Ligand code: NAP
């Protein structure tokens with residue numbers, strides 16, 4: 001007979017937080033290490049400028065004197081230095097015997113080619129490699145506000161899932177191709193800058209009438225969720241290749257773009273940004289797409305600009 005307090009009947013014990021090492025304690029790396037500490041992971045830290053580890057060590061982190069010592073301390077190493085070249089330079093001198101069997105999660109920003117090259121280089125050192133893209137600012141790390149997308153071998157992603165979830169509330173797995181996270185990251189920062197630049201241009205425009213950026217933002221931000229709401233339907237048009245103008249034709253958008261350029265020039269505000277937007281629409285219209293929906297412009301984005309004759 002078994003009793004409730006028999007070991008077989010005990011509720012599954014939550015696994016103790018696994019040891020993790022963090023390489024790079026700049027603004028982002030420091031936030032990553034702090035989040036791991038808060039979540040109870042035995043955390044080893046290394047930074048080129050050693051003093052940046054002092055407060056983390058005071059809170060319980062262990063200082064590694066070298067990158068090799070950080071790898072020796074934990075099966076999972078999170079790296080967040082400036083770029084891929086810096087990462088490879090600091091790991092280059094490490095004895096491959098120390099790296100063998102470890103998993104490196106690299107959260108440095110770069111291109112998809114750099115991520116794929118680094119994955120191949122890491123494999124040569126016996127390192128398992130996951131590439132990650134942080135979609136958050138340092139204060140959000142370790143909270144539900146943060147997302148960190150990851151690509152690489154699924155089994156390793158699953159194995160280190162609990163530690164990764166200490167860093168961000170949302171950890172989307174994008175696939176086995178190591179380049180996918182950088183590809184998404186580049187696409188998403190492009191989206192961010194387009195939104196920010198449109199907002200800056202708008203603030204400059206209304207500023208000519210003495211409207212403050214705050215007043216403008218209070219009104220302008222009401223429209224942003226509506227535009228975001230169009231995206232799933234527009235995405236379906238791109239994926240199916242049918243660009244029916246359900247709401248407004250590209251020609252109607254082009255007319256408004258011309259007014260935006262005209263207004264900017266009239267008010268002495270820089271008109272390059274709206275003129276650039278209009279140039280894409282003009283090319284799509286010249287190719288016969290003026291009567292179709294806005295997403296038909298995807299063709300203009302899919303190929304490099306034609307070189308001037
Ligand atoms: P940061 O504050 O400038 O820190 C850079 C880190 O890289 C420092 O730890 C620095 O060490 C280290 N480093 C640079 N070159 C090195 C080298 N040759 N050898 C060893 N260490 C080197 O930058 P950050 O904001 O933390 O950003 C780090 C990465 O996270 C970047 O790829 C960035 O794009 C990405 N990221 C940042 C944010 C953000 O909001 N900050 C958001 C998403 C992604 P020292 O302290 O010794 O200089």
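The values are calculated or read from the model by the stated rules, or taken from the named source; none is laboratory data. Quick caveat: nothing in here was measured; it's all calculated off a predicted structure. Using ideal geometry, Cβ is built from the backbone for each residue, glycine included, and neighbour counts are taken over all protein chains shown.
Of all residues in the range 33-50, how many are surrounded by 21 or more Cβ atoms within 10 Å (Cβ to Cβ) and part of a loop (DSSP other than H, G, I, E, B)?
Adding up the residues that qualify gives 2.
Kindly state which strands (runs of 3 or more DSSP E) lie completely within the range 121-193 and contain at least 2 residues that are over 12 Å from the mean Cα position of the chain (by Cα) and more than 11 Å from the ligand (Cβ to nearest atom).
Answer list for the range 121-193: 128-135, 173-175.
Just to check your reading of the model, which residue among 168, 136, 163 is in contact with a strand residue (DSSP E or B) (Cβ under 9 Å, 6 or more places away or on another chain), surrounded by 13 or more Cβ atoms within 10 Å (Cβ to Cβ) and more than 27 Å from residue 99 (Cα to Cα)? Walk me through how you get there before you give the answer.
Numbers: 168 fails: more than 27 Å from residue 99 (Cα to Cα); 163 fails: more than 27 Å from residue 99 (Cα to Cα).
Just a single option satisfies the conditions, and that option is 136.
Could you check, for the range 100-107, whether at least one of its residues is part of a helix (DSSP H, G or I) and either away from the ligand (no atom under 12 Å from the Cβ) or closer than 14 Å to residue 21 by Cβ (or both)?
Of the residues in the range 100-107, the ones part of a helix (DSSP H, G or I) are none.
The answer is no, given that none of the residues of the range 100-107 is part of a helix (DSSP H, G or I) and either away from the ligand (no atom under 12 Å from the Cβ) or closer than 14 Å to residue 21 by Cβ (or both).
Using the structure shown, decide if residue 118 is in a loop (DSSP other than H, G, I, E, B) and within 14 Å of the ligand (Cβ to nearest atom).
Working: in a loop (DSSP other than H, G, I, E, B): no; within 14 Å of the ligand (Cβ to nearest atom): yes.
So residue 118 does not fit the description; no.
Looking at the range 269-286, is at least one residue assigned to a loop (DSSP other than H, G, I, E, B), in contact (Cβ under 8 Å) with a residue 12 or more places away in the chain and in contact with a helix residue (DSSP H, G or I) (Cβ under 9 Å, 6 or more places away or on another chain)? Write out each step before concluding.
Going through the range 269-286, the residues assigned to a loop (DSSP other than H, G, I, E, B) turn out to be 269-271.
Adding the requirement that they be in contact (Cβ under 8 Å) with a residue 12 or more places away in the chain leaves 269-270.
Next cut, in contact with a helix residue (DSSP H, G or I) (Cβ under 9 Å, 6 or more places away or on another chain) only: 269-270.
Yes.
Mind telling me which of the residues 307, 278 ends up being more than 24 Å from residue 188 (Cβ to Cβ) and not assigned by TED's automatic domain parsing to the domain that holds residue 188? Working first, answer last.
Values: 278 fails: not assigned by TED's automatic domain parsing to the domain that holds residue 188.
After applying the criteria, what remains is 307.
Enumerate the pairs (first residue in the range 82-99 and within 25 Å of residue 27 (Cβ to Cβ) and assigned by TED's automatic domain parsing to the domain that holds residue 128; second residue anywhere and in a helix (DSSP H, G or I) and within 9 Å of the ligand (Cβ to nearest atom)) with beta-carbon separation below 8 Å, excluding pairs fewer than 6 apart on the same chain, so at least 6 apart or on different chains.
If the second residue must be in a helix (DSSP H, G or I) and within 9 Å of the ligand (Cβ to nearest atom), the pairs left are 90/67; 91/67; 94/67.
Restricting to the range 66-92, name every residue that is away from the ligand (no atom under 14 Å from the Cβ), surrounded by fewer than 18 Cβ atoms within 10 Å (Cβ to Cβ) and in a loop (DSSP other than H, G, I, E, B).
Once the filter is applied, which keeps residues that are away from the ligand (no atom under 14 Å from the Cβ), surrounded by fewer than 18 Cβ atoms within 10 Å (Cβ to Cβ) and in a loop (DSSP other than H, G, I, E, B), the range 66-92 yields only 75.
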